[in-house]
Each structure stands twice: as structure tokens, then as C-alpha cells.
Amino acid sequence: MAIITGSSSGIGAAVAAEMAREGAIVVVNYPNDREIEMAGKVLNDIKASGGNGILQRADVSKEDEVINMFAAVIRQFGTVDILVNNAGIQKDAPFEQMTLADWNLVMNVNLTGQFLCAREAIREFLRRGIVPERSRAAGKIICMSSVHQVIPWAGHVNYATSKGGIMLLMKSLAQEFAPKKIRINSIAPGAIKTNINRSAWDTPEAESKLLELIPYARVGIPEDIGRTAVWLASDESDYVTGATIFVDGGMTLFPGFSTNG
Ligand code: NAD
């Protein structure tokens, strides 16, 4: 049983599809009624490919909604094995024009949302412990970070700060819960073609400018992240905890220095 937050589109949808393909029952989480159709389509596609799952509405920035989501899933399926903390947003502005509302919105969804969901998941993992026939671990959490946990990003200070926060949220949790056999890791995507960054790749001019930042010379697709998430959630990665896997085509390799800087 895997909960994937913000899985009505983009990376979350691909993670849900890849996990369902590997046999997990997936919870396709969406934040509000405006996104129910998109979430429904994601789940229908999963079912059409032989997978199984449910829809669950919850705004990850709201404590009561997160608690209710976990309670509903545990009531229906007995437990939760995997949490993918994926929901995230951008609300960009030049720093001097950034409102407190812009700042709070991004922090609340991207960082507090990961805290709230991780806390509920860990409570359940601690309650249940290891079930050897399911996994060597008592539970797995995958945090969707970004290359911007290490690359500063002018004009996106709220977003980059939230991702830097996720890095130490993840590492501190990994340290705290490794003795309980709970594994917590991050994926740091580079540029992946989704709605969050559409203007950066949806014209040939924009895409070729973006490619200047990507040594591997292609923009990523959501499935690149989905496959990494499956590996991190599986026993194949049983000795991996507290790690960030950069899935970025080399974006963090300082490509500006490839021709002598
Ligand atoms: P996206 O906009 O397609 O997906 C974001 C999802 O989060 C949507 O399904 C949205 O409904 C959901 N969401 C937003 N607010 C929510 C809330 N309060 N509660 C629950 N769900 C909520 O964009 P994406 O690229 O798929 O983004 C997914 C994650 O990947 C984000 O955390 C983003 O920061 C991260 N990421 C994306 C890229 C990229 O290039 N696309 C790069 C680095 C990191």
C-alpha cells in the first residue's frame, strides 16, 4: 500500500503508475475537488493497465485532512507501507515583491505538507513494525525534493528554501528512524516535463535554452522519476537511507564549467 501525494498529474502520477505496475495498491491523492477528474483519469489508466488503487482527497498542508487521509487508508487496507511525499507548488516572484502569502503557501505545501504526511506514516510504521513477507523495512518514505535543494534559484526563494528544508527534514528523520528499520530518502529531480515548469520546455526556443543546463542533453520525463521511486521503495535499496538521488541528467554537475568555465 503506497500513498503518493499530489498524484493527479506530473511526477506523482508517474510514480503511482510505476508503483502500481510493480504490484502496490496506490493511493492517488489530490488536493481539492477541482482536480478530482484528473486524479480519476490517473487511477483509470492505472486500472486499465492491471493495477489497483483508490482516490483520496487531502490538502497536504492541512493537518486534519492529512490525518483523515491516513486514517481512511488504514481503515480500508489495514496499513500503509510506502509514502511518497510528492505534492509541491511554485509561487514565483522577485524577492522584493514576494508577499508573505506567496512565502507561506509554498512553505505550507512543500515543507509542512511533507512533515505532516511523514509524521502520520511514521506513526503507522512504528505501530505495525516489520512484516517480513512484505519488506525487510518497517516502512519507506520518499521525499520529492529538487536540484534546488543545492542550486540557489533567484526569483524562486520560497521554493528553493522549501527544498533545502526538505533535505534536512529527510536526513534528520532518516537518522532518527534508521534503528526502527524505517528508510527515508529523497529524489532530487532536475528538469522534468510537467505542468509546474511548462513554460521552460513547451516551445523549441525554451527547450533549447533549458538544454544548456543539462549535460545529458534531454529534458527528463516523469517516468524517469517513477522508476527511481520504485527502486527506493523496494528491498533492492534496503541499505539506502538518508540519501538524495539526483535524477537530473547532470544538471548539478556545474555544466557551465564543461568548456573550462
Ligand atoms: P505538477 O504541478 O504536475 O504536480 C504537482 C502536484 O501536487 C499536482 O498534482 C497538485 O495537485 C499537487 N498539489 C499541489 N498542492 C497540493 C496540496 N496542498 N495537497 C496535495 N496535493 C497538492 O508538478 P510536478 O513537476 O509533477 O511536481 C511534483 C513534485 O516534483 C513537486 O514537489 C516539485 O517541486 C517536484 N519537482 C519537479 C520538477 C520538475 O522539473 N517538474 C523538478 C524538481 C522537483
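The values are calculated or read from the model by the stated rules, or taken from the named source; none is laboratory data. Predicted, not measured: the structure shown is a model, and the values here were computed from it. Cβ coordinates were reconstructed from backbone atoms using ideal geometry, including for glycine residues, and neighbour counts include every protein chain displayed. Each accessible area value is taken on the protein alone, full model and side chains, heavy atoms only, with ligands, DNA and RNA left out. Shrake-Rupley method; radii C 1.70, N 1.55, O 1.52, S 1.80 Å.
Brief remarks follow.
- Computed E for ILE221/ARG127 - FRET, C-beta separation, R0 51 angstrom, nearest 0.05: 0.85
- In percent, rounded to a whole number, the relative contact order of segment 2-249 is 20, using alpha-carbon pairs under 8 Å and six or more apart.
- Relative contact order for segment 79-126, counting Cα pairs under 8 Å that sit 6 or more residues apart, in percent: 55 percent
- Which of TYR159, TYR216, TYR239 is most accessible, then next, and so on - probe 1.4 Å: TYR239, TYR216, TYR159
- Close amide H contacts of ASP92 (hydrogens built in the peptide plane, cut-off under 5 Å, sequence separation of 5 or more or a different chain): none are found.
- Positive-pole candidate from ALA14, THR259, ALA2, dipole of the chain, charges at beta carbon: ALA2
- Taking label points 7 Å from Cα along the Cα-to-Cβ direction, GLU176 and VAL150 give a separation of 2.5 nm.
- Angle of helix 63-77 to the longest C-alpha principal axis of the chain, folded into 0 to 90 degrees and rounded to 10: 50°.
- Annotation: extensible slack from ILE54 through GLN76 equals 6.9 nm (criterion: 0.36 nm per residue apart, minus Cα-Cα distance).
- Annotation for GLU63 and ILE25: the two label points, set 7 Å from Cα along the Cα-Cβ direction, are 2.9 nm apart.
- If you take the Cα centroid of segment 168-203 and the Cα centroid of segment 64-114, the two points sit 13 Å apart.
- Straight Cα distances below 17 angstrom link LYS181 to the lysines LYS140, LYS171, with same-chain residues fewer than 8 positions distant left out.
- Fraction of accessible area attributable to carbon and sulfur, segment 131-261 (%, probe 1.4 Å): 58 percent
- MRE, 222 nm, helices only [DSSP H, n ≥ 4, -39500 (n - 2.57), over the chain, to nearest 500]: -12500 deg cm²/dmol
- For segment 87-231, the dipole from Cβ point charges (+1 on Lys and Arg, -1 on Asp and Glu) about the Cα centre works out to 940 debye, to the nearest 20.
- Derived scalar couplings ³J(HN,Hα) [segment 239-255; Karplus, 6.51 cos²θ - 1.76 cosθ + 1.60; whole Hz; x for Gly, Pro]: 9, 9, 8, x, 9, 10, 9, 7, 10, 9, x, x, 4, 8, 8, 6, x
- Per residue solvent-accessible surface (Å²) - the chain, probe of 1.4 Å: 49 Å²
- Between ASN44 and ASP235, the modelled labels are 3.7 nm apart [label points 7 Å from Cα along Cα→Cβ].
- Tilt relative to the chain, helix 10-21 - C-alpha long axis, 0 to 90 degrees, to 10: 40 degrees
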